[in-house]
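Note sheet for the following structure.
The values are calculated or read from the model by the stated rules, or taken from the named source; none is laboratory data. Here the structure is a predicted model, which is why all the values come from computation and not from measurement. Because the Cβ atoms are built from the backbone with ideal geometry, glycine has one as well, and the counts that use them run over all protein chains shown. Note: areas computed on protein heavy atoms with side chains; ligands, DNA, RNA excluded. Shrake-Rupley method; radii C 1.70, N 1.55, O 1.52, S 1.80 Å.
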Amino acid sequence: MLELRQVTKSFTLPDGSPLHVLDIEHFEAKAGEQVVIVGQSGCGKTTLLHVIAGICRPDTGRVLIDGWDVPVLSEADRDQFRAAKIGYVFQTFNLLPAFSALENVMIGMTFADGRADRDRARMLLERVGLNHRLTHKPAQLSVGEQQRVAVARALANRPKVLLADEPTANIDTGNQQQVIDMLRGACEDENVVLLLVTHSPEVAGQFERVERLEEINRVLVKRS
Amino acid sequence: MSLWKIALRSLQYRRLASGLTALSISLGVALVVGVMVIHAVVDQSFKRSAQGYDLIVGAKGSRLELVLSTVYHLGKPIGKVPYDYFLELTEGRFAPEVDLAVPCCLGDNYQGYRVVGTTPDMFNELEYRDGEKYRFQAGENFGWGEYYDAVIGATVARKTGLKVGDTFQPGHGETAEQGEKHSPFTVAGILAPTGTPNDRALFVNIEGFWEIHAHGHYDEEQPAEGEPSSQQHAAEEHAAEEHAADAAGRPDPAESGGAGDSHAGAGDAHSHAPQAHDHGEPQLERHVTAILVRTNTKRMTRAMALPKIINQEADAQAVMPAEEITRLFEGIVGNIQKVLLVFAVLIVIVAGIGMMVSIYNSMSERRHEIAVMRALGARRMTVMSIILLESILLSLGGGALGLLLGHGLVGLLAPSIMENTGVVVHALQFQPIELVLIPGLIAMASVVGYLPALIAYRTEVADSLSE
Ligand SMILES: Nc1ncnc2c1ncn2[C@@H]1O[C@H](COP(=O)(O)OP(=O)(O)O)[C@@H](O)[C@H]1O
Ligand SMILES: [Mg+2]
């Protein structure tokens with residue numbers, strides 16, 4: 001389902017020198033598999049998720065998702081691909097403040113195929129326990145509720161891969177577990193690959209498969 | 001959810017900024033609408049087609065002034081032509097080419113409204129607009145023999161309170177300040193509103209007009225100013241009786257025989273000319289300020305040569321009002337309106353630039369939102385379109401508001417326009433050019449929205465997400 005081969009990524013620093021961030025020989029996740037990625041701050045976790053989502057292109061290597069080689073696609077095609085195949089949950093939720101909870105879920109559908117399935121959006125919000133918050137704007141929701149809307153939004157287009165970048169880092173501990181459970185439950189239900197980045201040992205401890213980026217990213221292996 | 005709706009939500013989220021921006025555009029558009037409607041109104045009222053005559057004959061001088069003073073009651077009359085010249089048109093050399101000639105004498109006013117000495121033909125034969133005969137809302141036209149009868153325009157009736165049977169005293173001069181008073185006239189009829197300058201004039205029998213002028217400072221003992229009170233009425237009526245007695249020595253037109261004297265005949269009314277009292281009336285100086293001439297269509301070629309012949313001679317000039325007005329428009333008035341229109345359009349453009357600044361400023365805080373949309377799968381073109389649509393929605397909203405405001409403004413001003421120009425305007429008087437506004441605004445919005453939209457297009461997802 002998801003496979004990375006010989007993926008490298010470096011950034012150019014303002015002084016012109018290159019900053020090598022990623023060098024991953026091989027990484028694979030099967031359909032429905034749930035993987036936690038841990039690693040120190042700055043070790044390239046977000047960059048990895050960006051590469052998988054097609055938000056940025058690796059310097060070399062292949063990123064295969066559902067049969068597509070993402071890096072070879074044009075930017076517009078990668079956008080289209082991301083809308084259709086990838087769900088993304090951010091650390092800071094990133095709900096759009098101008099739109100209601102329901103509209104935040106539907107807006108991703110608009111970008112995918114132009115048609116917004118209101119019933120599915122409502123169903124997803126119900127599943128995360130927000131059926132009474134459909135018309136609320138993000139500012140009117142608690143942080144826990146906001147992240148649940150973000151989870152529903154990430155699932156809106158029936159993605160193949162769900163990327164969650166420290167989704168519980170900004171949430172009080174009471175709500176943390178709820179969000180993790182919802183993410184896991186939804187991915188199980190729809191057979192979605194879940195890649196979850198976290199710093200929390202409690203969260204990581206719940207998953208069968210935990211990948212330490214320091215071990216799979218050769219940039220860091222060399223450095224240490 | 002359509003892109004339109006996404007754009008609309010973004011605008012709603014920034015209500016205050018969006019509202020103010022739309023308001024500034026609406027003010028510009030309202031001004032454009034105002035200028036265009038006024039433009040059309042002035043245009044229509046001046047270029048109004050035939051009023052039942054095609055030539056104005058008057059003293060030599062400015063052609064335009066002759067038209068303005070005769071048709072629009074503006075400015076001073078330029079001079080006089082002797083009555084004999086009028087007879088040339090009705091009975092003399094030019095008679096075969098002339099179907100109808102209506103004399104006008106100017107020089108008096110009543111409470112600032114012009115008093116025009118003329119004949120009943122003015123209302124029996126002429127039209128106030130193409131195909132529209134004069135109608136009376138009260139009373140009737142004055143008769144040929146009723147020397148001291150008058151017909152007053154609708155505005156004059158409303159403003160002065162004169163009713164049928166009331167009397168009034170014209171003062172000498174075209175404006176109210178010139179206060180010398182003449183003998184009273186009786187209102188025989190009140191015209192229905194015509195939407196022409198004639199709503200703002202009083203028409204008296206030319207015979208009476210001549211007579212009061214022949215008598216010079218006839219009634220200096222009369223009260224000088226103010227609304228005619230009932231006592232004043234009585235005094236005026238008394239003076240009228242005195243005057244009637246005074247005038248009794250002169251031949252009454254009903255008694256004075258002569259060709260074309262059959263006043264009672266309805267069908268041949270246009271053949272009437274004021275009576276030529278050329279016997280035993282040395283003090284009665286007869287002249288006219290202008291003659292409205294309807295040429296004889298049965299003698300087209302010769303009739304068309306008529307103005308040329310008249311203009312070659314030293315006695316008078318003949319002008320075609322339509323031609324003069326068109327010239328006036330293409331000259332001064334048209335240019336003033338063009339300048340106004342340019343200003344109004346400039347205001348819209350300034351408002352458009354304001355819109356650009358407003359959207360542009362919002363872009364710095366919206367980079368993050370745009371990056372989120374991109375992360376959700378929106379393409380560069382999609383986020384660019386959303387910003388452009390916002391710009392278009394803003395200007396269309398502002399435009400719609402501006403149309404409302406503009407027409408509301410026209411509606412509010414309509415009574416005062418009517419008052420001052422006699423032109424009837426309606427709030428919902430749309431101009432075809434307003435249709436250009438919509439595509440024009442969309443074009444402006446696209447240009448104005450392009451720069452912010454480009455910023456949206458160029459937003460890099462990875463960089464802006466982490467902001
Ligand atoms: N656009 C960029 N330009 C230059 N350096 C970057 C850029 N994005 C990330 N980096 C650097 O790459 C490294 C990995 O970043 P990131 O993937 O965000 O780490 P993590 O998410 O694991 O904390 C960091 O050292 C960061 O400073
Ligand atoms: Mg990170």
For the protein assembly as shown, just the Cα set please: Rg and Dmax, both in angstrom. 43.3, 134
Given a Förster distance of 22 Å, report the FRET efficiency between A:Asp69 and A:Phe11 from their Cβ-Cβ distance, rounded to the nearest 0.05. 0.50
Could you rank the peptides B:200-210, A:107-117, B:426-436 by their average count of other C-beta atoms within 10 Å per residue, with the highest value first? B:200-210, A:107-117, B:426-436
Put B:Thr119, B:Thr301 in order of accessible area, largest first, probe 1.4 Å, and you get B:Thr301, B:Thr119
Once B:Phe343, A:Phe11, B:Phe329 are ranked on solvent-accessible area with the largest value leading and a 1.4 Å probe, the list reads B:Phe343, A:Phe11, B:Phe329
Pop out a list of residues from the range B:422-467 that are at least 30 Å² less accessible with all the protein chains around than in their chain alone; 1.4 Å probe, no ligands or nucleic acids counted. B:Ala462, B:Leu465
Assign unit charges at the C-beta atoms only (+1 for Lys and Arg, -1 for Asp and Glu), then state the dipole size of the protein assembly as shown relative to its Cα centre in Debye, rounded to the nearest 20. 4940 debye
Order of exposure, largest accessible area first, which applies to B:Tyr72, B:Tyr360 with probe 1.4 Å: B:Tyr360, B:Tyr72
Counting DSSP beta bridges with both partners in the protein assembly as shown, what percentage is antiparallel, nearest 5? 65 percent
For peptide A:12-24, what's the mean number of Cβ atoms from other chains within 10 Å of each residue's Cβ? 0
Between the range A:50-68 and the range A:124-156, the Cα center-to-center distance that results, in Å: 29 Å
Based on the Cβ-Cβ distance of B:Lys76 and B:Val436, what FRET efficiency does E = 1/(1 + (r/R0)^6) give at R0 = 41 Å, to the nearest 0.05? 0.50
Reduction of at least 30 Å² in accessible surface, 1.4 Å probe, comparing all protein chains with the chain by itself, residues of the range B:363-410: B:Glu369, B:Val372, B:Met373, B:Arg374, B:Ala375, B:Leu376, B:Gly377, B:Arg379, B:Arg380
Leaving out ligands, DNA and RNA, what percent of the accessible area of the range A:2-223 is carbon and sulfur, probe 1.4 Å? 47 percent
Counting heavy atoms of the protein chains only and a 1.4 Å probe, report the per residue accessible area for the range B:356-467 as a whole number of Å². 45 Å²
Average partner chain C-beta neighbours within 10 Å, per residue of A:51-60? 2
Those lysines that a straight Cα-Cα span of less than 29 Å connects to A:Lys160, excepting residues fewer than 8 apart in one chain: A:Lys9, A:Lys30, A:Lys45, A:Lys85, A:Lys137, B:Lys5
Heavy-atom accessible area per residue, chain A, 1.4 Å probe: how many Å²? 42 Å²
Projected label distance in nm at B:Arg458 and A:His136, using a 7 Å step from Cα toward the beta-carbon: 3.9 nm
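Could you give me D for the range A:2-223, from Stokes-Einstein at 4 °C and 1.567 mPa s, where the hydrodynamic radius is the Kirkwood radius over C-alpha pairs? Units µm² s⁻¹, please.
Translational D for this selection: 73 µm²/s.
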Provide the gained length on full extension for the span B:Leu404 to B:Leu16, in nm with one decimal, where the gain is 0.36 nm per separating residue minus the Cα-Cα distance. 137.7 nm
If you take the beta carbon distance between B:Glu127 and B:Glu323 as r and set R0 to 22 Å, what does 1/(1 + (r/R0)^6) give as a FRET efficiency, to the nearest 0.05? 0.70
Using only Cα atoms, what is the ratio of the radius of gyration of the range A:150-200 to 2.2 N^0.38 Å? 1.07
Putting +1 on Lys and Arg Cβ atoms and -1 on Asp and Glu Cβ atoms, find which of B:Gln137, B:Met122, B:Ala95 reaches farthest to the positive end of the dipole of the range B:46-175. B:Gln137
About its Cα centre, how strong a charge dipole does the range A:1-118 have in debye, to the nearest 20, once Lys and Arg get +1 and Asp and Glu get -1 at the Cβ? 160 debye
Between B:Val424 and residues 5 or more places away or on another chain, which pairs have amide H atoms under 5 Å apart, with H built 1.01 Å from N, and which residues are they? none
Phi-based couplings in Hz for the range A:144-157 (Karplus 6.51, -1.76, 1.60; Gly and Pro marked x): x, 5, 4, 5, 5, 4, 5, 5, 4, 4, 5, 8, 4, 9
Under 23 Å Cα-Cα from B:Lys298, which lysines qualify once same-chain neighbours fewer than 8 residues away are excluded? B:Lys133, B:Lys308
On protein heavy atoms with a 1.4 Å probe, the accessible surface that disappears when A meets B, both sides summed and given to 100 Å², is 2300 Å²
Taking placed amide H atoms and a strict 5 Å upper bound, the residues 5 or more places from B:Val116 or on another chain that come that close are B:Leu202, B:Phe203, B:Val204
So in chain A, what percent of DSSP beta bridges are antiparallel if you round to the nearest 5? 50 percent
Reachable lysines, given that their alpha-carbon falls under 23 Å from the alpha-carbon of B:Lys159 and they are not under 8 places away in the same chain: B:Lys76, B:Lys181
